[in-house]
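The values are calculated or read from the model by the stated rules, or taken from the named source; none is laboratory data. Since the model is a prediction, treat every value here as computed from it, not as a measurement. Cβ placement follows ideal geometry from the backbone for every residue including glycine, while neighbour counts extend to all protein chains displayed. Ligands, DNA and RNA are stripped out before the accessible areas are found, and what is left, the full protein with its side chains, is counted by its heavy atoms. Shrake-Rupley method; radii C 1.70, N 1.55, O 1.52, S 1.80 Å.
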Amino acid sequence: MTLRAARLIHDADVIAYHSARHGRSIARSIAAAHLRGDQIEEALVYPVTTETTSHPGGYRGAIDEFYEDCAKRLAVHLDAGRDVVVLSEGDPFFYGSFIHLHRRLADRYPTEVVPGVTSLSAGCAVLGRPLVEGNEVLTVLPGTLAPRTLAERIAGTDTAVVLKMGRTFPGVRDAFTDAGRLADTWYVERATTAGQRIAPLGEVDPATVPYFSLAVLPSPVRGPDDPAPLRAGQADWVLAGAASRPGPSASAPVGIIDRTAPAVEEPAVEQPAGEVVVVGLGPGAQGWLTPQAAAALAAADDLIGYGPYLDRVPADPRQRRHPSGNTVEAERAELALELAAAGANVAVVSSGDPGVFAMATAVVEAAAQQRFAHVDVRVVPGLTAAQAVASRVGAPLGHDFCVLSLSDRLKPWEVIERRLRAAAAADLVLAIYNPASRTRREQLDRARAALLEHRAPDTPVVIGRDVGGPTETVTVTTLGDLDPAGVDMRCLLLVGSSTTRIVRRGTGRDLVFTPRRYPAP
């Protein structure tokens, strides 16, 4: 601990520290000798560490909510004029939990971050081995990466340190093995404490590995007669001490070795791709967002979507948001895939279900390009508007039904009209998306006329507008009385079949249903 850190801890009004549910804090135990005894202590107890959680946003949602609460608790002290010290093991800005509080508080309160000794510096110090020297490259990796990714990174660097082990240890050890570096790698546990343990990585029992442990591939200790292997781009001549090597030529004098042969370029280690998840937000109400969708949103680094839909996702200061207009689906898809190709986890948001006249098709179509072949794409379904509107009136989709869009922006109106007539002739209930817009007013009139060629004027029609949103309205009418002037892009229409019925009720809330049985011909 630095002298400045010790002084600030002693002088602070409030001491905050993280801990698991057991209440023991490593950070507090390190600072205990500098506490006065009369200070306010704020124990920031994680709601979840290694266990599962029932939070609708999954692990990420639970942790984000926890940090929001922690920031509010500390803000109360800061607003009251109290100086707050947040304790952090190692260095606060090196994989430190403090980073999450810094994002939420530093723009509102004067903040000083006092650096500390990182775990990897301590680990190499207790090993008595240098971390890096000369022009060597150090790579620091979290053990939570996939073993294959770890192996690629380890194989392509000079020295490496892997943190965040514990349950990830078997995969970390496999990665060093696959990279051919296991024999040179050390295990360091709780460096500089009374519980410190050091051992060759390959000799450690995975069952004994705690979270506060490291895998360290240090720089080799080299003498003047033990030069580093020549790599591409280094000098062509190397002074070599053959006498230091065993074998028949051990007594040979020091000489010059000609290394003028072309150097072999080492393969570049590619940045592992992230993932694109297309997420359905449902029709509007937060309660209709599925836990799976909430978890996918919480885990994303970047959020992409039509501006009004993106506004429905709560802001998270650690995420980047990319809003755009309503008719640039292809551009949104390309941006998502490019960000994922660079390593980001990207969520593309859609209203309703992303696979129903929404962003899933645009993303999958763009992902078919060869340049995105290495990017994973997932679709997380959402409650679609047809289901939401139907639920408001009963069961109009109780029998066979057809889903159709009246938008002729991407397909000819002649095709739409032909499909309308076919569905009407087949006596299917129709769920009609995109029925009208500011520039498309005549299409719904023409669709109504086409349907009336096969349906009676008293056929039930349900108009749901902004269902699940703050301006929701649901109207039950008939095909003959349908007024296209009251319909816009925020509406969805359900047009009944010949068997669909309206049940008038004294409660003022009519029900609509399509019987499960169809009359015999």
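The table below lists the values:
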read-out: Matching residues, segment 285-294, being among the hydrophobic types (A, V, I, L, M, F, W, C) and either surrounded by fewer than 21 Cβ atoms within 10 Å (Cβ to Cβ) or touching a His at 6+ places or on another chain (Cβ under 7 Å) (or both); value: Ala285, Trp288
read-out: Selected residue (only one of Val348, Val356, Val375, Val393 is at pLDDT 95 or above and not small (Gly, Ala, Ser)); value: Val348
read-out: In segment 437-469, residue nearest to Val503 (Cα to Cα) [restricted to those that are part of a loop (DSSP other than H, G, I, E, B) and polar (S, T, N, Q)]; value: Thr459
read-out: In segment 448-469, the residues that are within 42 Å of the chain's Cα centre (by Cα) and of a type in the set (A, V, I, L, M, F, W, C); value: Val461, Val462, Ile463, Val467
read-out: Selected residue (criterion: surrounded by the most Cβ atoms within 10 Å (Cβ to Cβ)) from residues of segment 1-40 that are part of a helix (DSSP H, G or I) and among the charged types (D, E, K, R); value: Arg28
read-out: Residue ranges of strands (runs of 3 or more DSSP E) in segment 367-436 with at least 3 members open to solvent by 10 Å² or more (accessible area, probe 1.4 Å), on the phi > 0 side of the Ramachandran plot and free of Cβ contacts under 8 Å to residues at least 60 places away in the same chain; value: none
read-out: Residue within segment 393-415 that is charged (D, E, K, R), over 40 Å from the mean Cα position of the chain (by Cα) and closer than 28 Å to Glu329 by Cβ present; value: yes
read-out: Test: Gly486 is open to solvent by less than 50 Å² (accessible area, probe 1.4 Å) and more than 17 Å from Phe401 (Cα to Cα); value: no
read-out: Selection status of Ala43, touching a residue at least 24 places away in the same chain (Cβ under 8 Å), surrounded by fewer than 16 Cβ atoms within 10 Å (Cβ to Cβ) and touching a Lys or Arg at 6+ places or on another chain (Cβ under 9 Å); value: yes
read-out: Count - residues of segment 295-328 that are under 18 Å from Ser351 (Cβ atoms), hydrophobic (A, V, I, L, M, F, W, C) and open to solvent by less than 20 Å² (accessible area, probe 1.4 Å); value: 7
